[in-house]
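The block underneath contains the structure these notes are about, expressed in C-alpha cells.
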Amino acid sequence: PSAAVPHLQNDSWGKQYSHALFKAMSHMLCIGYGQQAPEGMTDVWLTMLSMIVGATCYAMFIGHATALIQSLDSSRRQYQEKYKQVEQYMSFHKLPGDTRQRIHEYYEHRYQGKMFDEENILGELSEPLKEEIINFNCRNLVANMPLFANADPNFVTAMLTKLRFEVFQPGDFIIREGTVGKKMYFIQHGVVSILTKGNKETKLSDGSYFGEICLLTRGRRTASVRADTYCRLYSLAVDNFNEVLEEYPMMRRAFETVAMDRLDRIGEE
C-alpha cells in the first residue's frame with residue numbers, strides 16, 4: 001500500500017493493517033480491484049487471486065444463507081411449492097373462479113399453511129411412539145366422545161391408529177343417501193346435518209359420529225349427511241372398522257345399539 005498511499009509508510013501498524021484489510025475486502029466483496037488499480041505484475045496477480053477467492057467465498061455465503069433461510073420453515077415452503085402446482089393445475093384446466101376459490105379455502109383449512117409427510121414420519125417411528133403421538137393428536141376427540149371416554153384404552157388406541165384426517169367445507173355432502181358406505185366418520189370439530197327422506201334435519205357436532213349403520217348392515221346409506229360448517233373429521237374405512245371390532249365384540253354391540261336407535265328414528269319419519 002505504500003506505493004498507492006505514500007503517507008502510510010510512517011503511520012502506525014494499526015493504520016497500515018486497517019488500510020491493507022480494507023483493500024483486501026474491496027477485492028473480495030466488491031469482486032473488483034478496489035479503490036486503486038493494481039500496479040506491476042505481482043500486484044496484478046495478487047489482485048486476481050484475491051478476486052477469485054472473494055468470488056468463491058461470496059457464492060458459498062449466499063448459498064449457505066439461502067439454505068439456512070429455507071430450512072427455518074421448510075414445511076411452509078413445501079406448502080407454497082405444492083400450492084403453486086395446484087394453481088398451475090387449475091389454470092391449465094381453466095377451472096371457474098368460484099371453484100378455484102373453494103379449492104384455495106380447502107387448502108388453507110386443511111393444511112393451515114404448512115405441509116408435512118405425516119404418514120412417512122409416523123411410519124419411521126416405533127409403535128409406542130407412533131401410538132403416543134396419535135393419542136396426543138386425537139386427545140380432544142377422545143375427551144369429547146363418550147364412546148371413547150368409557151372404552152378400553154387398547155380399543156381406543158387400536159381405533160385411533162386407523163383413522164384418517166379429512167376436512168369438508170360448508171355445503172359439502174359427506175355422505176349421500178343410497179350410496180354404498182365404505183367409511184364412518186368421527187367429528188373432531190364442526191356441525192353436520194343428517195338429512196332423511198322426510199326432509200327432517202338432525203344436527204351432530206363435536207364428539208359425535210355417523211355413517212356406522214351401513215358398515216354394520218353392509219347395506220346402502222340410509223340418509224345423507226351435509227357439512228354445515230367447516231368440519232374437521234376422522235374417517236374409518238370399513239375393513240379397519242371390522243378388523244378392530246373383531247377384537248372388541250363388546251364395542252360392536254355399542255355401535256349396534258346406537259345404529260338401531262338411529263334406524264328406528266329414520267323409520268318413524
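The values are calculated or read from the model by the stated rules, or taken from the named source; none is laboratory data. A quick note: this is a predicted structure, and the numbers were derived from the prediction, not measured. Note that we place each Cβ from the backbone using ideal geometry, even for glycine, and neighbour counts take in every protein chain shown. The area values use the complete protein model at the heavy-atom level, side chains included, leaving out ligands, DNA and RNA. Shrake-Rupley method; radii C 1.70, N 1.55, O 1.52, S 1.80 Å.
Summed over the range 144-170, residues that are closer than 14 Å to H189 by Cα and either part of a loop (DSSP other than H, G, I, E, B) or of a type in the set (K, R) (or both) total 3. Residues in the range 149-162: is at least one more than 25 Å from the chain's Cα centre (by Cα), on the phi < 0 side of the Ramachandran plot and open to solvent by less than 50 Å² (accessible area, probe 1.4 Å)? Yes: one or more hits. So, of the residues in the range 57-94 that are open to solvent by less than 70 Å² (accessible area, probe 1.4 Å) and of a type outside the set (A, V, I, L, M, F, W, C), which turns out to be modelled with the lowest pLDDT? Filtering the range 57-94 for residues that are open to solvent by less than 70 Å² (accessible area, probe 1.4 Å) and of a type outside the set (A, V, I, L, M, F, W, C), the one modelled with the lowest pLDDT comes out as D73.
Per the listing V44, V5, the residue uniquely open to solvent by less than 100 Å² (accessible area, probe 1.4 Å), at pLDDT below 75 and among the β-branched types (V, I, T) is V5. Of everything listed in (1) touching a Lys or Arg at 6+ places or on another chain (Cβ under 7 Å); (2) assigned to a loop (DSSP other than H, G, I, E, B); (3) closer than 30 Å to F255 by Cβ, the single unmet condition for K114 is (3). Of the set (1) exposed (fewer than 15 other Cβ atoms within 10 Å of the Cβ); (2) in contact (Cβ under 8 Å) with a residue 40 or more places away in the chain; (3) of a type in the set (G, A, S), all apply to S126 but (2). Looking across E81, E87, one residue alone is in a helix (DSSP H, G or I) and farther than 28 Å from G190 by Cα. It is E81.
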